[in-house]
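The values are calculated or read from the model by the stated rules, or taken from the named source; none is laboratory data. Remember, it's a predicted structure, so these values are computed and weren't measured experimentally. Counting neighbours? That spans all protein chains shown, and the Cβs are built from the backbone with ideal geometry, glycine included. Only protein heavy atoms, including side chains, enter the accessible area calculation; ligands, DNA and RNA are left aside. Shrake-Rupley method; radii C 1.70, N 1.55, O 1.52, S 1.80 Å.
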Amino acid sequence: MRLYIWSLLACSLGAAPAAKETTFYKDVAPVLQARCQGCHRPGEAAPMSLLTYQDARPWAKAIKEAVLVRKMPPWFADSAHGEFANDRRLSDREIETLVSWVDGGAKEGDPKDAPKPRAFAEGWAMGKPDAVIEMPLAFEVPPSGTVDYTYFVVPAGFTEDRWIEQVEVRPGTKSVVHHIVVIVRPPGVRYLPDAKPGVAYVPVKREQKHQPDVGEGTINFAGGATEIVGVYVPGGLPYELKAGQARLIPKGSDIVFQMHYTANGKASTDRSRIGFIFAKEPPKERVVNTFVSNTNLHIPPQEADHPVTARVTLHEETRLLSMFPHMHVRGKSFAYRATYPSGESETLLAVPKYDFNWQLTYYLKQPKLLPKGTVLECVAHYDNSPNNAFNPDPKSDVYWGDQTWEEMLAGFVDLAIPVGTSIRDVGTPKKPQTTGGNQ
């Protein structure tokens, strides 16, 4: 009788709904496509591919651990400041999907449920370039020791001004390329004047005179009129612009590859390149890339949280499109702040836990207007203590320098300006006009 009653009760209440089965093809593959495969595929920055079930299954537990602590995808911006178009963070639902898949046995599911595979351009994340400029010769990277910053000057071969819509920098051998900065040197500009086209060049080192650090900064335009046109860092994305925006490469310009190589125990060769997609029509805005720096920085020994500031005044109205903070292995945190002519101020980007191995560019969802007279400030904190596992020497005074045992404060920015102006106009005050005649 009791069994009969319990059976009736179960029927009246209804059976508990079966737990939804999470499978790779139906649930997990769409998340990996949207969030992971840009890096997790052959030839890209990640150490393993996640294109297929066979690729992903051995890494199931590692995927769960990485997404639960939000280690992957890498994203370091404080959500309290700014909204970014390339925000890589997984949603709670996406995390739940990946964890459920792993906890349920990482099942494959029905291949018919799989989404259409993402199409990736062969060798180029941005698609087929209109022009490719490559280092003319392969550079031999030794198996050990320090490799000084090495420069390669390559004539672009453009016989007319070129407006660039998209840029992508590709290292030849990623395992030894720490980063690449590609610079446009217009005709007549005396930047690296001793460098011969096509030949590896290491500038002569001069004794550095350390000036007091008073927190002032500069906007970089080396040689007077050079401009950064592209950057490669592990995990970085190609530079993309919106309709009506483009970067300028004047006719007759040279392309300068600034190469930072890191020996990894194995002799290697590298031949890096840069690809351009040209604008289809004249732009309405010119986009320039530069950085705010403080070359007088000084980090005392044993300091666990040493602040350094770089302040610059903008002498023309501009629109801020993106930010890319750069420091070396003592870097701890980085923030961009703007103080407007009205006296109001705001934090544009805060990276509370800087990671030297994942240097990201943060693209604003909406460009930020920076009126003429705005003070743009970069505030960096450094850990020069023994508690920093990456610190080469906590007993040393640290100054500005190219190598990773030295330091930098470089707040890269993409700025949109009128077509007829340059970054020099933004970074330097105009000389007061004088009138002729006796006064």
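Under the rule of at least 5 residues apart or a separate chain, name every residue whose amide H is placed under 5 Å from the amide H of ASP254.
Residues meeting the criterion, in which the H sits 1.01 Å from N, are ALA156, ARG185.
For the stretch 118-157 and the stretch 240-288, write down the distance between their C-alpha centroids in whole Å.
Cα centroid to Cα centroid, the span is 10 Å.
Angle check, please: helix 92-103 long axis (alpha carbons) against the longest principal axis of the chain (alpha carbons), in degrees 0 to 90, nearest 10.
Rounded to the nearest ten degrees, it is 50.
Here are some pairs, LYS372/LYS431; LYS174/LYS251; LYS205/LYS372; LYS280/LYS431; which of them have Cα atoms lying more than 25 Å apart in this structure?
Details: LYS372/LYS431 15 Å; LYS174/LYS251 31 Å; LYS205/LYS372 37 Å; LYS280/LYS431 37 Å.
Pairs exceeding the cut-off: LYS174/LYS251; LYS205/LYS372; LYS280/LYS431.
Which entry is the computed Rg and Dmax of the Cα atoms in Å for this structure: (1) 25.7, 120; (2) 23.4, 70; (3) 20.4, 63?
After the calculation, the listed value that fits is (1).
Could you please report the charge total around HIS328, scoring K, R as +1 and D, E as -1 over all other residues with beta-carbon less than 13 angstrom from its beta-carbon? Walk me through the numbers before you get to the answer.
Details: positive: ARG330, LYS332; negative: ASP355, ASP383, ASP393, ASP402, GLU406, GLU407.
Net charge in that neighbourhood comes out at -4.
Angle, helix 2-13 long axis vs. longest principal axis of the chain, Cα atoms, 0 to 90°, nearest 10?
40 degrees
Net charge within 10 Å of VAL398 by Cβ-Cβ distance, Lys/Arg positive one each and Asp/Glu negative one each, not counting VAL398 itself?
Numbers: positive: ARG330; negative: GLU303, ASP393, ASP397, GLU406, GLU407.
With Lys, Arg at +1 and Asp, Glu at -1, the neighbours total -4.
Amide H to amide H, which residues 5 or more places from GLY230 or on other chains are under 5 Å from it, using H placed in the peptide plane?
Here the answer is VAL182, since their amide H atoms fall under 5 Å of that of GLY230.
Expressed as a whole percentage, what fraction of the accessible surface of the chain belongs to carbon and sulfur atoms when a 1.4 Å probe is rolled over the protein heavy atoms? Walk me through the numbers before you get to the answer.
On the way: 12120 of 23030 Å².
The nonpolar share, carbon plus sulfur, comes to 53 percent.
For the stretch 285-421, what does the accessible surface come to per residue with a 1.4 Å probe? Please give it in Å².
Values: 5310 Å² over 137 residues.
Spelled out: the 1.4 Å probe surface of the stretch 285-421, per residue, equals 39 Å².
When the helix-only estimate is applied to the chain (DSSP H runs of n ≥ 4, each -39,500 (n - 2.57), divided by the residue count), what is the mean residue ellipticity at 222 nm, nearest 500 deg cm²/dmol? Before the final figure, lay out the partial values.
Working: 6 runs with 49 residues, N = 439.
Only helices count here, giving -3000 deg cm²/dmol.
What does the charge count near VAL292 come to, summing +1 for each Lys or Arg and -1 for each Asp or Glu among other residues with Cβ under 9 Å from its Cβ? Numbers along the way, then the final one.
Values: positive: ARG311; negative: GLU377.
That sum, taken over residues with Cβ under 9 Å, equals 0.
Can you find, among PRO238, ALA114, ILE417, the residue sitting farthest towards the positive end of the charge dipole of the chain, where Lys and Arg contribute +1 and Asp and Glu -1 at Cβ?
Towards the positive end, the residue furthest out is ALA114.
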